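The structure under discussion appears below in the form of structure tokens.
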Amino acid sequence: MAYLSDHKKFTAEMEKPLDYYSQNKQRIVFISDGALWIKNWIADAYPDAISVLDYYHASEHLHDYAKATIKDDAQRKQWLDKRLELLLNGEVQK
């Protein structure tokens, strides 16, 4: 869900449909941009939920890391391409 408003309104709107799942003890998985307020809200309101950083923002962090640590363009591209492939295939533990 995308939402452009106050975070308190967002969490109130999100909790309405989520109440059903949390009351029925079903696993809830959140995919977000990793904003601190979202991570804190999930941890406080749904401590048993799984929180996942979305692909776009995860790849953005990988790009920033690669740019800061690998100076050679070819090596950086090779390293980054491999990590993005692993990320896209759900193999981030490798």
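Overview of results
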| quantity | calculated |
| --- | --- |
| Per-region count, the range 56-94, residues exposed (fewer than 15 other Cβ atoms within 10 Å of the Cβ) and not in a helix (DSSP H, G or I) | 8 |
| Subset of the range 17-50 that is among the acidic types (Asp, Glu) and without any contact (Cβ under 8 Å) to a residue 24 or more places away in the chain - its residue that is nearest to residue 7 (Cα to Cα) | 44 |
| Out of 3, 21, 55, sole residue that is in contact with a helix residue (DSSP H, G or I) (Cβ under 8 Å, 6 or more places away or on another chain), of a type in the set (Ser, Thr, Tyr) and at pLDDT below 90 | 3 |
| Some residue of the range 41-54 being farther than 30 Å from residue 23 by Cβ and of a type in the set (Phe, Trp, Tyr) | no |
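The values are calculated or read from the model by the stated rules, or taken from the named source; none is laboratory data. As the structure is a prediction and not an experimental result, all values here were calculated from the model. So basically every Cβ, Gly included, is an ideal-geometry build from the backbone, and we count neighbours across all protein chains shown.
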